[in-house]
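I'd like to ask you about the structure that follows.
Bear in mind these aren't lab numbers, they're just calculated from the coordinates by the rules spelled out. Only a predicted model underlies this, so the values are computations on that prediction, with no experimental measurement involved. Cβ sites come from the backbone with ideal geometry, for glycine too, and all protein chains shown count toward neighbours.
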Amino acid sequence: MPERDDPTTIGRRVQQLRTERGLTQKQLAEPTYTPAYISTLESGRVRPSDDALRHVADRLGVAFDELATGRPARLAADLRLRLTEAQRTLATGAAEEAAEQYGTLLAEAERHGLGWERATALLGLGECALETGELDVGRLYFERAEACLADHPLPARVPALRGRAVSHYLAGELRYAVYLLESTLDELNRGGLQDPDALLLLYGSIIGPYMDMGAHARAAQAAELALALAPQVGDPALVARMHRSVARTLIAEGRVAEADASLAKAAELYRQLQIRTELAMCHWMRGYVCVQNGELESAEGELREALAMLSAKRAVLYSSQVAVELADVLHRRGKSEEAARLLHGVLGDLSSERGAVHSAAAHRLLGIIADDARDTEKAEEHYVRALSLLERAGAAGDLADLCRLLGDLLRRTGRVEAALDAYRTGLGHRTAPGTTTLGPAPAQPSL
């Protein structure tokens with residue numbers, strides 16, 4: 001609930017509304033209070049209780065919140081309705097349109113001093129920026145949202161913390177992203193703040209960084225924990241749309257409290273829609289495990305499921321890694337042409353500034369496909385491009401493997417000295433201290 005205005009401001013508001021309605025202090029006071037009490041209230045010499053304000057609001061024909069804060073009761077509800085509209089827009093993949101909606105709502109929330117709505121708009125703008133690859137911009141929005149929610153419990157701050165971590169991850173800052181996510185998980189689980197939605201968001205988000213750092217066991221464990229926490233809903237978009245329609249009708253009828261209840265349900269369903277991105281990464285993790293076990297058909301099914309959950313219109317930076325993994329499976333199953341098409345699609349969506357690690361993975365696999373087809377010139381071109389991208393991102397484990405592939409190719413084509421240089425570079429990355437070493441695993445939830 002928004003904080004009340006000071007007694008003097010409330011008193012002036014009561015006096016103005018009473019005068020506009022042609023009521024005397026006695027008429028406003030009856031039958032519960034005295035004219036003298038109304039006089040002290042209007043002069044700002046007393047801080048009215050909730051009961052007193054409700055009595056006065058009822059006699060004046062206004063809502064309690066409007067009398068206490070000066071804001072019409074339906075203002076906040078209308079803003080929340082429009083926030084769920086922006087959530088829906090983002091969930092369908094129209095990130096730029098959603099950003100415009102969130103920007104307008106942020107300005108309104110700031111103008112009227114609505115803190116929670118301001119934080120929600122900032123979070124939305126951060127998510128839009130991640131979708132469009134503006135990682136630095138997104139990080140700033142998440143930091144502002146976190147500051148807005150500084151006085152709230154940790155579960156309420158998790159979406160902002162997670163957004164900040166993902167922005168670092170997509171920029172190639174793997175270790176710092178893992179640090180942010182693991183420390184938040186540890187604090188939640190050790191502190192007894194085991195909010196399922198917050199935990200699901202964090203476990204789903206940490207899988208990608210774990211995988212890129214070579215921490216496969218932790219990635220698998222995070223995936224299983226996320227899937228165990230996943231809420232079971234039929235069609236969240238459909239149900240959310242229904243709640244928005246109901247809320248709009250209730251607001252029009254002045255039934256603000258009931259509208260708020262419907263809006264809260266709609267907002268939760270849209271959050272679950274966004275969580276589908278994290279659940280898709282869990283299917284990707286299962287696909288990875290199937291690959292390790294040699295179950296390529298099952299792996300292809302899991303990875304196709306993950307890619308389907310990340311619709312073609314959204315989550316470009318999230319879906320690219322899944323697409324590369326799927327292409328690898330397709331290549332292994334003899335579907336190299338389909339794999340190459342998928343990889344070229346990934347490269348069309350990425351650049352060295354947006355998703356360098358995933359772009360490098362696509363070039364690496366295209367190099368392997370070309371190598372298998374005896375096109376050594378094209379293979380070398382892809383390997384060198386991947387090497388450049390990985391050096392920029394600092395993904396040491398991947399660099400070592402890539403140097404081995406490049407060294408093998410150079411050795412086969414008779415360039416022994418160049419091959420030795422590539423191998424030495426790879427060994428240097430493999431032995432670099434602390435590149436994939438993680439600290440103690442965070443505490444786990446009691447499921």
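Say each of ASP50 and ALA36 gets a label point 7 Å from the Cα, pointing the same way as Cα to Cβ; how far apart are those two points in nm?
Modelled inter-label distance: 2.8 nm.
Just to be sure I understand the model, the point goes 7 Å from the Cα along the line to the Cβ. What's the resulting GLU338 to LEU154 distance in nm?
For the pair GLU338/LEU154, the computed spacing is 4.4 nm.
Here's a follow-up. Could you work out Rg/(2.2 N^0.38 Å) for region 160-199, with Rg from alpha carbons only?
1.19
I would also like to ask the following. Cα-Cα pairs above 19 Å in region 7-69: how many percent?
Value for region 7-69: 12 percent of Cα pairs lie more than 19 Å apart.
If the reach is capped at under 16 angstrom between alpha carbons, list the aspartates and glutamates near LYS26, excluding any in the same chain fewer than eight residues apart.
Output for LYS26: GLU42, ASP58.
To continue, here is another question. How do the peptides 161-170, 126-135, 203-212 rank, highest first, by the average count of neighbouring beta carbon atoms within 10 Å per residue?
Descending packing order for the listed peptides: 203-212, 161-170, 126-135.
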